[in-house]
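The values are calculated or read from the model by the stated rules, or taken from the named source; none is laboratory data. Quantities reported herein were computed from a predicted structural model and do not represent experimental measurements. Accessible surface is based on the protein model in full, side chains and every heavy atom, while ligands, DNA and RNA are left aside. Shrake-Rupley method; radii C 1.70, N 1.55, O 1.52, S 1.80 Å.
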Amino acid sequence: MIFFKIYTTALEITVAEQKTHFGYQVIPTEQKAERVASVFRSVANRYDVMNDLMSFGLHRIWKRFCISHCHIRPHDWVLDLAGGTGDLTQHFAKQLGEKGHVVLADINTAMLSKGRERLLDAGITRPVSFIELDAECLPFANNSFDCIAMAFGLRNVTTQEKALMEMYRVLKPGGRTVILEFSHPTSSPLKALYDVYSFSVLPKLGELICNDQASYRYLAESIRMHPNQETLKSMMTEAGFEKCEYQNLHTGIVALHLGYKF
């Protein structure tokens, strides 16, 4: 088991007063990475417990669905991007043979450390390495990975278009990128109920379990600010991916996006 720290930042764009969203707030672009990092440092120790509580355990089903669409082969090299506490990596590692490898990558030290602990506790010592990095500037050569998976991380990236272009660059020809992310419900009655839950119940759960209401309010807001299904599909196409498609889970609360490189 190998641990690397390769922390890189995206190339700066010399445009005055670049702005982006942090939840519903509009902030200078250069502040977002640290603001997001602060959120996940705060919740890292209780992150997995909160995932079960917030989703009523459904996140496990969503992630299994994601893994099933990765079609991992024993010799593959896999990038689990924004992999956090390593849920996907655990499954990938069990599917890989001696020539395969999975890289668990995240921008947040606390989340990555928690992921490393969980894999060690599960007895998984190979074929895994850990790298702290920025999804907007991946420190890998072109055409490095057979599969890239990103579960519930894209909405926290400052410039999602850059991250998608980087994923395309490091994906091998014939490879696939699988993005699992909260999305936009297709049912109006469900959307109304979902809003009540997200902005009334979720922050209170965060306060009760993590003593942190603000971080879970941000998470709810970040979901609402994330591009809808068709917009993200178009963004993947513009980044170079082909045969882009998506599948809604639980009427669009979550969507799985697929893109290929030929």
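Rolling a 1.4 Å probe over the heavy atoms of the protein chains gives the chain an accessible area of 46 Å² per residue.
Full extension of the chain between residue 186 and residue 49 gives 46.5 nm of extra length, using 0.36 nm per residue less the Cα-Cα distance.
Residue order by solvent-accessible surface for 41, 155 is 41, 155, largest first, with ligands and nucleic acids left out and a 1.4 Å probe.
Given only helices, namely DSSP H runs of n ≥ 4 each adding -39500 (n - 2.57), what is the per-residue ellipticity at 222 nm of the chain, to the nearest 500 deg cm²/dmol?
Values: 10 runs with 109 residues, N = 262.
Taking each H run of at least 4 residues, the total per residue is -12500 deg cm²/dmol.
Scanning residues 5 or more positions from residue 175 or on other chains, those with amide H under 5 Å from its amide H are 261, with H placed 1.01 Å from N in the peptide plane. Among the listed pairs 114/204; 99/162; 191/233; 94/204, a Cα-Cα separation exceeding 28 Å is found for 99/162; 94/204.
Give me the percent of accessible area attributable to carbon and sulfur for the chain, probe 1.4 angstrom. Walk me through the intermediate numbers first.
On the way: 6610 of 12070 Å².
Solvent-exposed carbon and sulfur of the chain make up 55 percent of the total.
Counted over region 88-182, the DSSP beta bridges are approximately 0% antiparallel.
Among beta bridges identified by DSSP and lying wholly in the chain, the antiparallel ones come to about 40 percent.
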